[in-house]
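Heads up: the structure comes next, in structure tokens.
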Amino acid sequence: MLYKLLLPGPIADLSEVRVLEWHGSPGTQFHAGDLVVELDTHKAVVEMRASSHIVLRKILIEPGDWQRVGEPLAIVSDSADEPLPERAEDLAQASATYEMV
Amino acid sequence: MSVEVGNTSRVFFREAICRAVGETLDAEPNAILMGQDVGAFGGSYKEFYGLFERFGPARVRDTPVAESAMVGLGVGAAAAGVRTLVSITYMDFVLLALDPLVNYAAKARFKTGGQIRVPMVVKVTAGAKGQGVAHSQSLESWLMSVPGLQVVAPSNVADAYGLMRSALQADGPVVYVDHKRLFPTSGLLSTLPHEVPFGLAVVSRPGRNATIVTHSYMVSVALAACEQLAVDGIDCEVIDLRSLAPLDLDTICTSVSKTGVLVTLEEGQVVCGVGAEIACRVQARLGPVKVSRLGAVPAPVSSNPVLEAASLPDAARVADAVRHLTTEGK
């Protein structure tokens with residue numbers, strides 16, 4: 001199953017943050033507790049970790065780019081062989097969401 | 001690191017300050033930064049993040065909780081030719097450093113016939129944001145009246161950078177006042193080094209019916225009030241002072257001569273406030289105009305969030321004041 005990997009929130013006072021670094025690329029597998037992405041906020045660098053096993057499939061927000069709290073940062077899936085829609089709007093339809101910790 | 005749009009990049013407020021300070025430490029091998037938690041911690045608002053690693057503990061110095069000693073040391077170092085930035089997290093605690101700041105830093109040039117200059121910047125964070133009576137005050141009007149002291153207060157990312165650059169090039173003491181509620185903001189900043197000169201206010205929003213003169217975080221409150229007033233057909237001009245001492249009376253008077261209505265807005269107290277000074281000087285130049293001064297109610301800022309909000313000006317109160325003045329006598 002495909003999921004949108006969401007930028008969790010709300011974050012007090014803040015509507016948008018910047019991606020600092022992805023700790024993987026499309027195809028990388030993460031287990032619960034693994035560091036997935038680091039975010040720059042107004043106060044600090046925040047580490048986001050996987051809450052269960054997932055595979056990173058497509059990065060939507062590259063390092064240096066900004067995203068709104070609650071919006072997707074990437075597409076992930078349960079297994080590496082699930083077909084990934086090519087069109088961006090089909091990706092956006094991935095209705096399930098995945099929240100990091 | 002950041003999204004580049006032409007020659008600008010989008011950065012957090014803290015990063016604008018950090019860049020200006022980092023560029024100065026780079027350009028002036030003598031310059032130093034000191035304050036509580038400015039070192040490995042990177043500043044109370046992470047506004048000095050990475051500077052300790054870049055410039056080392058001799059130039060980015062953690063200090064004890066001793067504001068008088070920090071500023072005293074800063075005055076001495078600056079007088080000896082070491083450009084110094086002293087960071088005092090909460091503006092409330094600049095009170096502990098008033099003696100070295102007022103009696104030594106600000107007076108040195110006068111006392112020595114210009115032979116001793118004090119290129120020191122004291123950076124303080126003003127404003128109420130849930131931290132109670134002694135960590136919430138906006139005391140900038142106390143400092144505006146000190147001869148020899150320059151006082152600046154940015155309201156946005158670009159000015160945070162440009163005013164810090166100017167402050168760190170000044171040859172006399174500067175108090176740089178930022179605000180707790182500005183740190184979560186971000187904005188576009190030119191990637192090229194540049195300064196915002198002191199004594200130059202800016203029109204943040206043009207308008208015909210009333211002039212709101214304000215600074216720091218209250219600029220956003222004024223702009224929100226303008227949105228409410230626009231619904232009623234009242235078109236307000238907002239002037240962001242940026243610099244309180246020196247004060248840009250020309251820009252204020254140009255606006256007030258056009259609108260005939262002056263509303264001053266500050267987060268500090270109204271009595272002997274920034275607005276009192278402006279109202280007096282504008283009328284000395286232009287003659288009587290309709291004036292309203294807005295600021296905190298005459299009480300300490302409460303730790304109770306409901307009372308804190310009740311004690312400070314908000315967009316609704318600003319809009320009410322403007323409506324009252326603009327409809328008076330009609």
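None of the figures in this text is laboratory data; all of them are computed from the coordinates on show. It should be emphasised that the depicted structure is a prediction, and the values quoted were computed from it without experimental measurement. Cβ placement follows ideal geometry from the backbone for every residue including glycine, while neighbour counts extend to all protein chains displayed.
At a glance:
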| item | result |
| --- | --- |
| Helix axis angle, B:67-79 relative to chain B longest principal axis, alpha carbon, degrees | 70 degrees |
| Virtual spin-label span in nm between residue B:272 and residue B:235, 7 Å along Cα→Cβ | 4.1 nm |
| GNM flexibility winner over chain B from B:174, B:231, B:263 (Cα, springs under 10 Å) | B:231 |
| Size-normalised alpha-carbon gyration radius of the stretch B:240-282, reference 2.2 N^0.38 Å | 1.10 |
| Equivalent ellipsoid semi-axes, chain A, via Cα gyration tensor eigenvalues times 5, rooted, Å | 21, 15, 12 |
| Dipole of the stretch B:230-317 [Lys/Arg +1, Asp/Glu -1 at C-beta], most positive-end residue of B:286, B:272, B:315 | B:286 |
| Value at 222 nm in deg cm²/dmol, rounded to 500, when DSSP H runs of n ≥ 4 in chain B each add -39,500 (n - 2.57) | -10000 deg cm²/dmol |
| Partner chain coverage, peptide A:2-14 - average Cβ within 10 angstrom | 1 |
| Total formal charge among the other residues, if their Cβ is under 14 angstrom from that of residue B:205, Lys/Arg +1 and Asp/Glu -1 | -2 |
| Rounded, prolate or oblate (a/c below 1.5 giving rounded, otherwise prolate when a/b exceeds b/c) for the stretch B:45-144 by Cα gyration tensor | oblate |
| Efficiency of FRET from Cβ geometry, residue B:284 and residue B:54, R₀ 60 Å, rounded to 0.05 | 0.80 |
| Peptide-level mean, for A:68-76, of C-beta atoms on other protein chains within 10 Å | 0 |
| Kirkwood-type radius of the stretch A:1-41, with distances r between different C-alpha atoms, in Å | 12.1 Å |
| DSSP-assigned coil residues among trypsin sites (Lys or Arg not before Pro) in the stretch B:79-138, each with at most 15 further Cβ atoms within 10 Å | none |
| Cα gyration tensor shape for the protein assembly as shown, rounded if a/c is under 1.5, else prolate or oblate | oblate |
| Assigned charges on the beta-carbon of Lys, Arg, Asp, Glu; the stretch B:1-94 dipole about Cα centre (debye) | 80 debye |
| Euclidean distance of C-alpha centroids, the stretch A:1-80 and the stretch B:114-169, integer Å | 37 Å |
| Nearest-20 debye value, the stretch B:104-199 charge dipole, Cβ charges on Lys, Arg, Asp, Glu | 240 debye |
| 15 Å cut-off, amide nitrogen to a point 7 angstrom out along residue B:314 Cα→Cβ, residues in the stretch B:107-145 | B:128-130 |
| Using alpha-carbon coordinates, inclination of helix B:315-327 to the longest axis of chain B, degrees | 40 degrees |
| Residue B:139 paired with residue A:65, simple spin-label distance in nm, labels 7 Å along Cα-to-beta-carbon | 4.7 nm |
| Segment residue B:27-residue B:95, extension gain: residue separation times 0.36 nm, minus the distance between their alpha carbons | 21.3 nm |
| Among B:194, B:135, B:35 - extreme Cα towards positive end, dipole of chain B, charges at beta-carbon | B:194 |
| Over 22 Å (Cα to Cα) - which of B:258/B:290; A:4/B:46; B:123/B:180; B:180/B:290 fall in this group | A:4/B:46; B:180/B:290 |
| Debye log10 I(q)/I(0) at q = 0.13, 0.18, 0.29 Å⁻¹ for the stretch B:270-330, Cα point scatterers | -0.45, -0.77, -1.18 |
| Spherically averaged projected area of chain B from its Cα convex hull (nm²) | 17.3 nm² |
| Förster radius 25 Å - calculated FRET efficiency between residue A:31 and residue A:99, Cβ distance, rounded to 0.05 | 0.95 |
